[in-house]
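The values are calculated or read from the model by the stated rules, or taken from the named source; none is laboratory data. From a predicted model like this one, the values you see are computed outputs, not experimental measurements. All Cβ positions, even for glycine, are placed from backbone atoms using ideal geometry, and neighbour counts span all protein chains on display. The protein model used for the area step is the full one, side chains on, heavy atoms only, and it has no ligands, DNA or RNA in it. Shrake-Rupley method; radii C 1.70, N 1.55, O 1.52, S 1.80 Å.
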Amino acid sequence: MITIAIVNNKGGVSKTTTAVNVGAGLAKKGKKVLLVDLDGQANLSQSLGVGLNGKSIYGVFKGSHGIEPKEINKNLHVMPASESLSELELELVSEFEREKFLKYALDEVKKNYDFAIIDCGPSKGLLTVNALTACDDIIIPLQSEFLAMQGVKSLTDLVFKVKKSLNPTVRILGVLITMYDKRKILNKSVASEISQHYPVFDTFIRENVSLAEAPTSKLDIFKYAPKSMGAKDYSNLTEEILSKYE
């Protein structure tokens with residue numbers, strides 16, 4: 001099982017949109033995919049119509065149960081968040097190996113999946129450290145604006161610390177430019193600047209209203225608007241991700 005964390009400590013950069021649609025894209029390609037909602041706002045769970053009652057990632061961290069996800073379709077499963085997730089960091093502060101709880105839980109189910117995609121909250125706290133410790137690779141969605149770019153350095157500093165002490169093989173698979181509009185000079189300059197410092201996906205996710213609308217129907221972009229620019233972009237991104245593991 002390949003585990004990919006979708007991470008950025010800034011909100012509103014399309015982390016959840018990317019997690020949902022990369023997961024759905026991989027599932028369409030016949031891959032068995034586990035989506036893990038590690039954000040206390042539970043946007044991923046809600047985007048796919050998964051209720052927050054019952055077993056959740058909170059219970060996994062608390063040791064109440066293992067990963068027992070809810071099925072979206074035969075290839076796509078979701079381990080939902082819960083409203084209690086925001087309290088978890090304080091509850092785990094004195095626990096031994098608290099940074100590895102998610103890794104141990106995912107190890108138990110890795111034989112069941114080809115990919116696990118972790119949707120992280122906009123934080124550099126313990127939950128994000130768990131994701132970075134558990135994952136093989138990291139995708140950093142980045143809105144193509146100047147202020148969004150400033151947070152990437154602090155995030156990569158955290159990745160370096162995790163790599164040094166907790167997960168020596170973790171790597172940045174790529175920065176994903178989102179909400180892109182080629183007509184805007186600033187968008188182009190940010191994309192050019194970031195590519196000088198980090199690996200950047202060839203696929204850019206363009207601004208597309210269908211991507212914003214799809215969660216209101218509890219659907220991924222491929223089911224909501226299969227002919228939209230958003231569907232085309234995430235299909236291309238899925239192909240690009242798969243090509244990196246060939």
Against the rule of thumb 2.2 N^0.38 Å, how large the Cα Rg of the stretch 22-156 comes out: 1.04
Separation of alpha-carbon centers, the stretch 178-246 and the stretch 108-161, rounded to whole Å: 17
Distance between modelled label sites at S243 and K182, nm, 7 Å Cα→Cβ extension: 1.7
Dipole magnitude of the chain about its Cα centre (Cβ charges: Lys, Arg +1; Asp, Glu -1), debye to nearest 20: 520
Mean ellipticity per residue at 222 nm, deg cm²/dmol - from DSSP H runs of n ≥ 4 across the chain, formula -39500 (n - 2.57): -11500 deg cm²/dmol
T216 paired with R98, simple spin-label distance in nm, labels 7 Å along Cα-to-beta-carbon: 4.0
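Among residues other than G54 whose Cβ falls under 11 Å from its Cβ, what is the net charge (Lys/Arg +1, Asp/Glu -1)? Before the final figure, lay out the partial values.
On the way: positive: K55, K70; negative: E68.
In short, +1.
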Label assignment, Rg and Dmax of the Cα atoms in Å derived from the structure, set (i) 17.3, 61; (ii) 16.8, 51; (iii) 20.6, 65: (ii)
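Quick one: length gained pulling K32 to S165 fully straight, 0.36 nm per residue minus the C-alpha distance? If you can, show how the numbers build up before the last one.
Working: separation 133, 0.36 × 133 = 47.88 nm, distance 3.04 nm.
Contour length minus the Cα-Cα distance gives 44.8 nm.
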Longest DSSP-loop-exposure-free segment, chymotrypsin sites (Phe, Trp or Tyr not before Pro), the chain, at most 12 other Cβ within 10 Å: 97-244
Per residue solvent-accessible surface (Å²) - the chain, probe of 1.4 Å: 46
For the stretch 141-246, radius of gyration divided by Kirkwood radius, i.e. Rg to Rh on alpha-carbons: 1.01
Cα gyration tensor shape of the stretch 2-64, rounded if a/c is under 1.5, else prolate or oblate by comparing a/b with b/c: oblate
